[in-house]
Amino acid sequence: MSKDHPSNLEGYDYLQRILSQRMNENALKEAKNSLDVDFEIVGYEAIDRQSSGTNRQVERKGERPRVEMLEIELTRILRRPWKPLLETFKRKLAFAGAAIAKHVAPGKVGGLQRSVKKRNPDRFLSASTKFDDRGSRKYRRQSKKMIQKFGDPGLSAMPLHMHVGSGSVVQQMLAAVRVPETAGARTNASFSVVTPFHTHVAYFETCAQSVLATLEYCKQPVEWVIFNDDPNVADDDLRALIPEKLLAQTTILSDGQNHGIAGAQNLAIASARHSWIVLLDCDDALEPQALPTLNSEIIKAPRCRYFTSLMIDMDKNGKQIRQRKREHALTNMFDKGMLAGHMVAFRKDLFEELGGFDTRFAGVQDFDFALRTAIREPIKGIDQYLYRYRWHHQTQSVGKSSWQETRSYAVRAQFLRNLSEQPCPPAISTKRLPHAPTALCVIRTQGNRMELLDETIASVRSQSIAMTPCVIVHGDQDKFGFVSRRLAAADKKSGSSPVVVLHADEVEKRRGYPCNVGLDYLCENQSKYDLLCFLDDDDHYLPGFGERLANVLRDRSADFAFGISNALPVSGEPFVQHGLRPAVGLLAGNFITFNSFIVRTDAILNSGIRFDETIHYMEDYDFLLKMLQAGFRMEPLPEAVCEYRLIGDGNAEIKQDEPHFKVCQTKVKNRAKAIATRFPAKRFWAELASFPGVQRPPFEEEEIIHMQIAWELIRKSQKGAL
């Protein structure tokens with residue numbers, strides 16, 4: 001043993017070095033399994049000491065001996081890999097001997113017990129680690145067996161709001177919920193055990209036996225309400241499986257139809273006679289002490305109206321697999337899933353106040369109900385095992401795990417939308433959009449790229465809705481005359497309706513100025529146009545641009561609709577440069593290109609929004625922020641609707657006027673920060689929850705970070721309040 005042997009944070013690294021120095025190939029396989037856990041423990045303990053500020057120069061009592069003993073044991077195992085097996089055998093023999101000697105030779109018990117302790121591998125561990133680590137190792141083994149047997153359900157694509165951090169936000173909200181002030185009476189409860197039946201005849205008899213067992217322990221009034229939701233199973237067949245002692249307290253309901261689990265539970269609970277509802281699936285079982293324990297907890301906490309216990313996992317034959325741990329606080333269920341299930345008990349008046357189970361979420365209706373409860377009043381966990389959950393390949397948690405996970409995401413999205421009294425802002429526009437709307441397309445040009453301008457105009461005219469090209473020439477009189485004559489000649493030759501050509505003659509003004517000229521024309525002719533959109537002379541629309549975005553406006557009662565724009569490099573294939581995100585992401589940066597949106601004309605004119613004529617860069621982004629600030633309802637379309645060429649100064653990494661670009665950047669960022677101070681936090685999460693993320697590729701890290709920045713702007717300015 002070296003004299004400078006460490007006993008603090010370096011202990012874990014030290015043991016690793018010893019391993020590399022003394023390890024031989026033959027011993028590696030046998031030693032690795034037992035040593036991995038010991039290394040992990042020492043490493044975690046060292047990290048804990050450092051993070052808690054206890055990494056001192058003075059060694060704590062017992063630290064150095066434990067690391068030294070681990071080193072000795074490590075060396076022995078590597079030199080003689082059979083040694084651990086022999087020690088284990090001797091330990092078990094001594095343990096059995098102590099149990100026998102206790103009755104025949106009490107004087108020998110002490111020596112045998114010391115032998116057991118000597119050969120216990122946990123003797124090197126701290127007292128605080130022994131039990132927890134052994135339990136966690138056993139629990140991991142049990143969980144691994146379950147995954148091997150039933151498969152790892154995996155996860156569907158995580159929705160954007162969870163990537164951004166909705167889980168922690170909701171957790172804080174649930175943790176802040178307080179028990180209602182109205183005091184309940186500290187009296188015994190009465191219970192209606194509710195069981196929806198479908199399919200699982202083979203397990204129903206065991207379920208019935210468990211109800212009888214807990215009734216025999218319970219002194220309070222109890223009934224069992226069964227809703228037979230399986231048209232293929234007769235009520236009499238179920239009744240034949242119920243113990244005779246239980247029949248008098250059992251009611252079987254059915255109407256020969258299948259309502260789904262949520263509908264069946266609603267119908268059963270509606271007929272329940274007692275004040276407390278206890279949910280029991282037909283293939284599961286209650287522990288005998290379930291109802292008496294629940295009654296005691298109700299008396300202790302009379303103001304709580306929802307209780308849930310720990311549960312035991314069992315296989316299809318009823319053999320116990322593991323005692324499932326509650327690894328997270330109940331307030332973390334939005335992020336971690338259904339933590340408040342099995343055994344579930346709630347007061348019937350709470351169920352009625354919340355409108356029962358939502359049949360839209362059949363299969364995860366309990367998760368939805370638990371979340372709706374937790375945002376009103378706390379859910380209380382009972383730290384006892386009162387329920388047995390059966391694992392088999394027909395159960396929903398196994399057979400439909402992916403479907404169930406997808407449905408749970410739908411529950412979360414609806415929960416976030418419900419957090420806001422007004423999940424989506426009402427549209428500013430009050431006019432009904434016609435079935436065949438008309439649109440004005442404002443096209444900026446300086447008259448230098450006429451061949452590209454021709455393609456731009458052609459893409460406008462090819463739309464399936466009536467769309468008028470309005471070309472704004474930002475230049476002197478000669479340039480305006482040249483463009484006007486060229487376009488007039490082309491229209492005459494093709495027989496097309498004339499293009500509207502306007503002159504933006506103040507050449508010293510910036511890029512927003514020609515757009516404002518177009519807005520002035522729109523104001524003068526507002527009765528002619530329902531919609532407005534913009535293009536540069538090097539952009540073009542894809543077929544269906546106008547119709548698809550107009551449908552979004554109409555179907556979602558929106559003011560503004562935007563899609564995806566393809567970037568066209570000088571050579572190579574088109575690509576998507578900016579992935580589709582919720583409009584609130586504009587607070588962190590622009591991803592809605594100038595040519596990818598359409599907006600209601602009355603919303604623009606009523607709000608009085610105009611382009612900033614003093615900035616040469618980011619004037620389109622500034623315009624978008626003004627619409628967001630004005631409260632426009634902005635809806636996405638997850639489809640490519642247009643394309644733009646990567647040839648302009650705005651798309652270059654190094655701008656021609658870099659100092660002015662920084663001025664523009666600062667100005668627009670300040671506007672975004674100002675909007676964030678007043679942007680409703682609830683609306684932020686409602687928009688993320690409503691975003692059609694499943695219709696687009698998985699979010700990339702850059703996109704997630706983008707939305708996290710947007711949330712941070714709101715959170716910091718509003719202290720994270722929802």
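Some observations on this one:
- Some residue of the range 690-699 being free of Cβ contacts under 8 Å to residues at least 40 places away in the same chain, under 30 Å from residue 572 (Cα atoms) and assigned to a loop (DSSP other than H, G, I, E, B): no
- Filter result (small (Gly, Ala, Ser) and within 40 Å of the chain's Cα centre (by Cα)) within the range 419-458: 420, 427, 429, 436, 439
- The range 268-280 - residue that is surrounded by 19 or more Cβ atoms within 10 Å (Cβ to Cβ) and within 23 Å of residue 360 (Cβ to Cβ) and, of those, farthest from the chain's Cα centre (by Cα): 272
- Scanning the range 543-582 for residues that are closer than 29 Å to residue 675 by Cβ, surrounded by fewer than 22 Cβ atoms within 10 Å (Cβ to Cβ) and among the small types (Gly, Ala, Ser) returns 557, 567, 579.
- Output for the range 190-238, where each listed residue is in a loop (DSSP other than H, G, I, E, B) and within 37 Å of the chain's Cα centre (by Cα): 198, 199, 200, 229, 230, 231
- Positions within the range 661-674 being under 11 Å from residue 710 (Cα atoms) and either without any contact (Cβ under 8 Å) to a residue 12 or more places away in the chain or hydrophobic (A, V, I, L, M, F, W, C) (or both), in sequence order: 672
- Test result for residue 376, touching an Asp or Glu at 6+ places or on another chain (Cβ under 7 Å) and in contact (Cβ under 8 Å) with a residue 12 or more places away in the chain: no
- The range 236-260, subset hydrophobic (A, V, I, L, M, F, W, C) and within 17 Å of residue 192 (Cβ to Cβ), residue surrounded by the fewest Cβ atoms within 10 Å (Cβ to Cβ): 248
- Restricting the search to strands (runs of 3 or more DSSP E) fully inside the range 446-541 and requiring at least 2 residues that are assigned by TED's automatic domain parsing to the domain that holds residue 570 and of a type in the set (Val, Ile, Thr) gives 466-474, 500-504.
- Selected residue (only one of 197, 227, 204, 191 is surrounded by 14 or more Cβ atoms within 10 Å (Cβ to Cβ) and either over 30 Å from residue 405 (Cα atoms) or at pLDDT below 90 (or both)): 191
- Flag for residue 575 being aromatic (Phe, Trp, Tyr), on the phi < 0 side of the Ramachandran plot and within 35 Å of the chain's Cα centre (by Cα): yes
- Residue check, residue 705 touching a residue at least 60 places away in the same chain (Cβ under 8 Å), out of contact with any Ser or Thr (no Cβ under 7 Å at 6 or more places or on another chain), in a helix (DSSP H, G or I) and surrounded by fewer than 19 Cβ atoms within 10 Å (Cβ to Cβ): no
Yes or no, residue by residue, for (1) in a helix (DSSP H, G or I); (2) within 24 Å of residue 409 (Cβ to Cβ):
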{"residue": "283", "(1), (2)": "no, no"}
{"residue": "288", "(1), (2)": "no, no"}
{"residue": "304", "(1), (2)": "no, no"}
{"residue": "309", "(1), (2)": "no, no"}
{"residue": "321", "(1), (2)": "no, no"}
{"residue": "327", "(1), (2)": "no, yes"}
{"residue": "332", "(1), (2)": "yes, yes"}
{"residue": "341", "(1), (2)": "no, yes"}
{"residue": "345", "(1), (2)": "no, no"}
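- Condition met for residue 268 (assigned to a helix (DSSP H, G or I), in contact (Cβ under 8 Å) with a residue 60 or more places away in the chain and among the hydrophobic types (A, V, I, L, M, F, W, C)): yes
- Scanning the range 348-378 for residues that are in contact with a Ser or Thr (Cβ under 6 Å, 6 or more places away or on another chain) and not in a helix (DSSP H, G or I) returns a single hit, 364.
- When the range 583-624 is filtered for residues that are touching a Lys or Arg at 6+ places or on another chain (Cβ under 6 Å), buried (at least 21 other Cβ atoms within 10 Å of the Cβ) and part of a helix (DSSP H, G or I), only 619 remains.
- Some residue of the range 392-400 being modelled with pLDDT of 85 or more, outside any helix (DSSP H, G or I) and not aliphatic (A, V, I, L, M): no
- Qualifying residue in the range 507-521 (condition: under 28 Å from residue 618 (Cβ atoms), at pLDDT below 95 and aliphatic (A, V, I, L, M)): yes
The values are calculated or read from the model by the stated rules, or taken from the named source; none is laboratory data. Bear in mind the structure is a predicted one, so any value in this text is a computation, not a measurement. Ideal geometry is used to build each Cβ from the backbone, glycine not excepted, and the neighbour counts take in all protein chains shown.
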